[in-house]
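Asker: Here you go, one structure.
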Amino acid sequence: MPKFHLTLTVNGEPRELLIDPRRTLLDVLRNNLDLRGAHRGCDSGDCGACTVLLDGLPVTSCLLLAADCDGMDVLTVEGVLPSPPARGVGGEGELHPVQRALVEKGGIQCGFCTPGVVMAAIALLNDNPRPTEEEVRLGLAGNLCRCTGYKKIVEAVMSAAEA
Ligand code: FES
Ligand code: FES
């Protein structure tokens, strides 16, 4: 099968790759670009562990063909930085307010869901900086967590919004 010439901006950096056109965005991020923060949980759009931002909107990267993302801007958890300049994120070794709140509130246990939760929460707060608890629960409805019972995750996002 002929290769597809893919152009993406990933975490602010232009990337060009020749890929198998059947590969998903998650495959390309993890296997071609060695960005392992987006996790493969269900591989069927149900768990949200693979969530990244595509042109600023949260997507399940396991469901998207990378070729369909050609020319677009991808933000993964590796590109999330502390304070919000242009794209919601700060400096190496520091945490974004959402990440810090997840740690402080106990919203992380095994951490498998956490990168997806972080990306979904950042997208939510970019769109709605002062969400209600119900809005937070709705915004994170696509992100499954087997460990925390969600209460602490929701508390963390509410706390990040206040911060
Ligand atoms: S791995 Fe993509 S939604 Fe579960
Ligand atoms: S912290 Fe374990 S799945 Fe969410």
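The values are calculated or read from the model by the stated rules, or taken from the named source; none is laboratory data. Owing to the predicted nature of the structure, the values given are computational and were not obtained by experimental measurement. Ideal geometry is used to build each Cβ from the backbone, glycine not excepted, and the neighbour counts take in all protein chains shown. Protein only, heavy atoms only, side chains kept; ligands, DNA and RNA dropped before computing areas. Shrake-Rupley method; radii C 1.70, N 1.55, O 1.52, S 1.80 Å.
Asker: Apply the Debye scattering formula to segment 80-162, with a single equal point scatterer on each alpha-carbon and no solvent, then give log10 I(q)/I(0) at q = 0.13, 0.20 Å⁻¹.
Answerer: For the requested q values the scattering log ratios are -0.34, -0.82.
Asker: I need to check one value: relative contact order of segment 6-78, counting alpha carbon pairs closer than 8 Å and at least 6 residues apart, in percent.
Answerer: Values: 140 pairs, mean separation 30.3, N = 73.
Reported relative contact order: 41 percent.
Asker: Find the centroid of the Cα atoms in segment 127-159 and in segment 36-70, then give the distance between the two in whole Å.
Answerer: So the separation of the two Cα centres works out to 19 Å.
Asker: Within the chain, what whole-number % of the accessible surface is contributed by carbon and sulfur, with the 1.4 Å probe and all protein chains included in the calculation?
Answerer: On the way: 4250 of 8400 Å².
Exposed carbon and sulfur together represent 51 percent of the surface.
Asker: Let me ask something else. Could you name the lysines in cross-link range of residue 105, using Cα to Cα under 16 Å and dropping any fewer than eight places away on the same chain?
Answerer: List returned: 151, 152.
Asker: If we count every other residue with Cβ under 14 angstrom of residue 141's Cβ, Lys/Arg +1 and Asp/Glu -1, where does the sum land? Let's see the in-between values first.
Answerer: Numbers: positive: 137; negative: 46, 133, 134, 135.
So the environment of residue 141 carries a net charge of -3.
Asker: Return one whole number: the accessible area per residue of segment 4-76 in Å², for a 1.4 Å probe. Intermediate values should be presented prior to the final figure.
Answerer: Values: 3330 Å² over 73 residues.
That works out to 46 Å² per residue.
Asker: Can you give the alpha-carbon Rg of segment 1-60 over 2.2 N^0.38 Å, where N counts its residues?
Answerer: Numbers: Rg = 11.7 Å, N = 60, 2.2 N^0.38 = 10.4 Å.
My calculation over the Cα atoms of segment 1-60 gives 1.13.
Asker: Here is a further query. Rounded to the nearest 10 degrees, what's the angle between the helix 114-127 long axis and the longest principal axis of the chain, both from Cα atoms, 0 to 90?
Answerer: 80 degrees
Asker: Roughly what angle does helix 151-162 make with the longest principal axis of the chain, taking Cα atoms, 0 to 90 degrees, to the nearest 10?
Answerer: Compared with the principal axis, the helix lies near 90 degrees.
Asker: With every protein chain left in place, what is the accessible area per residue of segment 80-162 in square angstrom, probe 1.4 Å? Don't skip to the answer; put the middle values down first.
Answerer: Details: 4470 Å² over 83 residues.
Here the residues of segment 80-162 average 54 Å² of exposed surface.
Asker: Taking each pair of different alpha-carbon atoms in the chain once, compute 1/r for the pair, average those values, and report the inverse of that mean as the Kirkwood hydrodynamic radius in Å to one decimal.
Answerer: Details: mean 1/r = 0.0632 Å⁻¹.
Averaging 1/r across every pair of different Cα atoms and inverting gives 15.8 Å.
Asker: Right, next: Can you list the HN-Hα couplings for segment 32-41, worked out from phi with the Karplus curve (6.51, -1.76, 1.60; θ = phi - 60°), rounded to whole Hz and with x for Gly and Pro?
Answerer: Coupling constants for segment 32-41: 8, 9, 6, 9, 9, x, 6, 9, 9, x Hz.
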